[in-house]
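The values are calculated or read from the model by the stated rules, or taken from the named source; none is laboratory data. What you are looking at is a predicted structure, and each value in this text was computed from that prediction instead of being measured. Here the Cβ is made from the backbone with ideal geometry for all residues, glycine too, and neighbour counts use every protein chain on show. Surface areas here come from the heavy atoms of the whole protein model, side chains and all, with no ligands, DNA or RNA. Shrake-Rupley method; radii C 1.70, N 1.55, O 1.52, S 1.80 Å.
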Amino acid sequence: MKGLLIHGVSHAYGDNKVLDKVAVVVPAGELVCLLGPSGCGKSTLLRLAAGLEVLQEGSIVIDDVTVASNTVHVEPENRHIGFMFQDYALFPHLNVLDNVIFGMVGSAADKARSRAMEMLDQVGMVDQASKHPHTLSGGQQQRVALARALAPEPKLLLLDEPFSGLDTNMRARIREETLGVLKEFGVATLMVTHDPEEAMFMADRIKILGSDGHILQAARPHEIYYHPKHEFVAKMFGLMNRFDSVVVNSQVETPLGSVAAPDMADGIKVQVLIRPEGIVLESHENASGTAVELLSTHLLGHDNIVRVRLASGSSSELYVRVHHAFEPELALGIKATIDSDYAFVFPLDVEEGGSSSLVKAAQ
Amino acid sequence: MVELTSSFELEFDALDQDHQKMVDQVNAIIKKIDAGNTDDCKALVADFVALSKRHFAREEALLVSVHYPDVEKHRKHHLDLNDKFDHMLEFAKMAPENDMACESLKKELVYFIMDDVITADLEFKDFLSQT
Ligand SMILES: Nc1ncnc2c1ncn2[C@@H]1O[C@H](COP(=O)(O)OP(=O)(O)O)[C@@H](O)[C@H]1O
Ligand SMILES: [Fe+2]
Ligand SMILES: [Fe+2]
Ligand SMILES: [Mg+2]
């Protein structure tokens, strides 16, 4: 298979085991994101793929050639991999063109030069070829780094939190541009990030790495968001509302109505996690649902986050995402229901107490 | 098209043959879609799902018989893939009307067979080689 195959990779620094039997497949032309909290071993996995770290257990195969196993260690320069790391590390003393040429050791000078110009053209930086990195914006430096990574026509591109040094506005634009270049180029790309939105935006497939070094779920972005298989995965995307309850007849009752739990046995103690957009507020005359009281609203721009509490007097607060059509200031008699697309049921850890509360994001 | 190169082999004939059959079925579906022949998709994907489920049962029975220590974990992994079958079947149903459904179906099938099924199995390759 053209692309990257990693399997059975475990890694420890002394007693600190950071990766536990991790497997990833990245077919040529695809972008797979490894998403996980800081310190879970994402960079370690990239360094292992790159050959910058010696593999302890498992195998790494690039375009059907084993580059690392318990008997093989191909040196980084012979793996034909392009890198782009957070501090894209352009050489300050080289101009843009020479920075890109630098990556193509071994090719004839004139060929390397024309290839470098071609790549700079692709990322829209050909006009800046003679400038030095410090005169460029962060976004421009990022594009040069991308051109440098792609110029030697790598079989595999490794991106380690490549956009985290950019400010919010720039980040959105640069990642869109980068995605465009990568798709045109058709290279297999493994990108790591701790930013779920970035992973959702970029990836054909997301692999979630938990803090124990295990892959928790691998799926299309849509599936990760709407069908999280693990409590940790559900909680990655920000605030969650939570009710604790018990399964009865494959249903779970909450103060806002019942939620289906088709695969769970009766009597199991569970937590129901509901995304802020999964609580629907209505305030017209015929609105059905559970009465709630408004506590505060927070305008985010594209939508509002509204804090409410059950009118029945329960002290727990809920966070609700509402869109422009709902103006909380003008609402009377607000009723809340659950949109089950955004509600997930997970077994409750036995030792865990508590009844209902708000769950902070894992990140 | 998916090709089962040697890096993906468990070197355990019964399972490798099953995997090859599943790969063949995935390739047959991709070929049909690429030829613009999407009417059969639903039936072919349903066959693929049935084939996969039979394979999972067979593989689990085998892992039990050789006392593979993580058999429960692997069984759970297979169980977690049920959602993906549902999505594939939905895409397949839409395939005749919707090009994006075709593309997503192809992609989903490739990742499923290569990443979720075969690469996940490589975890017990060494164990099987010692039995
Ligand atoms: N060279 C090293 N020596 C010792 N410990 C390390 C080394 N590199 C990383 N670690 C530790 O391994 C864990 C994973 O690190 P890393 O792979 O950088 O995580 P991530 O990129 O997901 O934030 C962390 O606990 C980190 O402190
Ligand atoms: Fe299998
Ligand atoms: Fe399996
Ligand atoms: Mg890191």
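The residue that is nearest to the other protein chains (Cβ to nearest Cβ), among those in region A:1-37 that are open to solvent by 10 Å² or more (accessible area, probe 1.4 Å) and not in a strand (DSSP E or B), is A:1. Among the residues making up region B:4-25, those that are out of contact with any helix residue (DSSP H, G or I) (no Cβ under 8 Å at 6 or more places or on another chain) and acidic (Asp, Glu) are B:13, B:16, B:24.
Just one residue in the set A:74, A:105, A:100 is more than 16 Å from ligand 2 (Cβ to nearest atom), farther than 29 Å from residue A:16 by Cβ and open to solvent by less than 50 Å² (accessible area, probe 1.4 Å); that residue is A:100. As a summary of the residue check, residue A:234 satisfies the conditions (1) under 30 Å from residue A:162 (Cβ atoms); (2) in a loop (DSSP other than H, G, I, E, B) except for the one numbered (2). Among residues belonging to region B:78-131 that are among the hydroxyl-bearing types (Ser, Thr, Tyr) and within 11 Å of another protein chain (Cβ to nearest Cβ), point out the one that is nearest to the chain's Cα centre (by Cα). The selected residue is B:111.
Considering A:262, A:228, the condition of being in a loop (DSSP other than H, G, I, E, B) and open to solvent by less than 60 Å² (accessible area, probe 1.4 Å) is satisfied by A:228 alone. The set of residues in region A:207-224 that are facing chain B (nearest Cβ under 8 Å) and either among the hydrophobic types (A, V, I, L, M, F, W, C) or in contact with a Cys (Cβ under 8 Å, 6 or more places away or on another chain) (or both) comprises A:218, A:219. Set side by side, the residues A:36, A:41, A:29, A:58 differ, and just one is touching a residue at least 12 places away in the same chain (Cβ under 8 Å) and touching a Lys or Arg at 6+ places or on another chain (Cβ under 6 Å), which is A:36. Could you tell me how many of the residues in region A:179-204 are within 14 Å of chain B (Cβ to nearest Cβ) and either assigned to a loop (DSSP other than H, G, I, E, B) or over 19 Å from residue A:37 (Cβ atoms) (or both)? Looking only at that region, the number is 4.
Is it fair to say residue A:58 is assigned to a loop (DSSP other than H, G, I, E, B) and open to solvent by 10 Å² or more (accessible area, probe 1.4 Å)? Criteria not met by residue A:58.
For region A:280-316: of the residues being under 17 Å from residue A:333 (Cα atoms) and charged (D, E, K, R), which is surrounded by the fewest Cβ atoms within 10 Å (Cβ to Cβ)? Out of the qualifying residues, it is A:285. Restricting region A:160-216 to residues that are within 25 Å of residue A:47 (Cβ to Cβ) and hydroxyl-bearing (Ser, Thr, Tyr), which is farthest from ligand 1 (Cβ to nearest atom)? Here the answer is A:178. Residues in region A:175-194 that are surrounded by fewer than 20 Cβ atoms within 10 Å (Cβ to Cβ) and under 21 Å from residue A:137 (Cβ atoms): A:176, A:177, A:179, A:180, A:181. Residue B:39 satisfies every condition listed in (1) surrounded by 14 or more Cβ atoms within 10 Å (Cβ to Cβ); (2) more than 11 Å from the chain's Cα centre (by Cα) except (1).
Comparison of A:223, A:277 shows that the only residue that is touching an Asp or Glu at 6+ places or on another chain (Cβ under 9 Å), in a helix (DSSP H, G or I) and open to solvent by 20 Å² or more (accessible area, probe 1.4 Å) is A:277.
Of B:61, B:46, B:57, B:14, all but one fail to be within 13 Å of ligand 3 (Cβ to nearest atom), open to solvent by 20 Å² or more (accessible area, probe 1.4 Å) and touching a residue at least 12 places away in the same chain (Cβ under 8 Å); the exception is B:14. Just give me the residues in region A:314-346 being in a loop (DSSP other than H, G, I, E, B) and within 18 Å of residue A:245 (Cα to Cα), in sequence order. Listed by number, the residues that qualify are A:314, A:315, A:316, A:339.
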